[in-house]
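Here the structure comes first, spelled out in structure tokens, and everything after it is commentary.
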Amino acid sequence: MSCNETAICGKIVEIGALRYTPAGIAVTEFKISHVSHQIEAGKPRQIECEIAAVALGQMAETISGIRTGSAVKLAGFLARKSRMSMQLVLHVSNIDSI
């Protein structure tokens with residue numbers, strides 16, 4: 001099974017420092033706050049969540065230049081935060097200002 005695509009809109013609430021892996025690849029970790037109304041089981045539901053995200057390479061450099069509070073649409077895939085963690089992180093492959 002190879003389907004692992006995620007898209008979400010929200011505001012960037014925190015951006016970590018741009019750092020580099022030992023191989024020289026840029027990495028930025030950040031958080032996005034999402035608020036929306038969704039329909040679940042035929043009933044409206046208020047959704048509020050904060051999602052951890054990470055970007056690598058050119059995408060990391062792009063995100064490190066964005067101001068917190070900016071409204072964005074992110075697309076990417078979900079993966080474990082680390083080999084030893086079950087916590088999910090959104091690995092961003094595309095970002096659009098909204």
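What follows is calculated from the coordinates using simple rules that are stated; it is not laboratory data. Bear in mind the structure is a predicted one, so any value in this text is a computation, not a measurement. Cβ: placed from backbone, ideal geometry, glycine included. Neighbour counts: every protein chain shown.
In this label model, GLN46 and ARG67 are separated by 2.8 nm, measuring between points 7 Å along each Cα→Cβ vector.
Here segment 1-95 is treated with +1 on each Lys and Arg Cβ and -1 on each Asp and Glu Cβ, and its dipole about the Cα centre works out to around 100 debye. Every Cα-Cα pair in segment 51-97 was counted, and those over 16 Å apart are 39% of them. A Cβ-based charge dipole, computed about the Cα centre of segment 10-62 with Lys and Arg at +1 and Asp and Glu at -1, lands at about 100 debye.
How big is the Cα convex hull of the chain in projection, averaged over all directions, in nm²? Provide the component values of the computation, followed by the final result.
On the way: hull surface 31.3 nm².
That works out to 7.8 nm², a quarter of the Cα hull's surface.
As a length-normalised measure over Cα pairs under 8 Å and 6 or more apart, the relative contact order of segment 13-82 settles at 30 percent. Only helical runs count toward this figure. For the chain, summing -39,500 (n - 2.57) over DSSP H runs of n ≥ 4 and dividing by all residues gives -2000 deg cm²/dmol at 222 nm.
Projecting the Cα atoms of ILE98, ILE63, GLY24 onto the charge dipole of the chain (Cβ charges, centred on the Cα centre) puts GLY24 farthest toward the positive pole. Filter the GluC sites (Glu not before Pro) in segment 1-36 to those in DSSP coil with at most 13 other Cβ atoms within 10 Å of their Cβ, and list the result. Sparse-neighbourhood loop GluC sites (Glu not before Pro): GLU5.
Report the paramagnetic label zone for VAL13: residues of segment 20-55 whose backbone N is under 11 Å from a point 7 Å from Cα along the Cα-to-Cβ axis. Those under the cut-off are 31-35, 48-52. A simple packing score, the average count of other Cβ atoms within 10 Å per residue, orders the peptides 54-60, 64-70 as 54-60, 64-70, with the highest score first.
So how much slack lies between GLN38 and SER82, counting 0.36 nm per residue of separation and subtracting their Cα-Cα distance, in nm? It would help to have the intermediate numbers written out before the result.
Working: separation 44, 0.36 × 44 = 15.84 nm, distance 3.05 nm.
Value of the extension gain: 12.8 nm.
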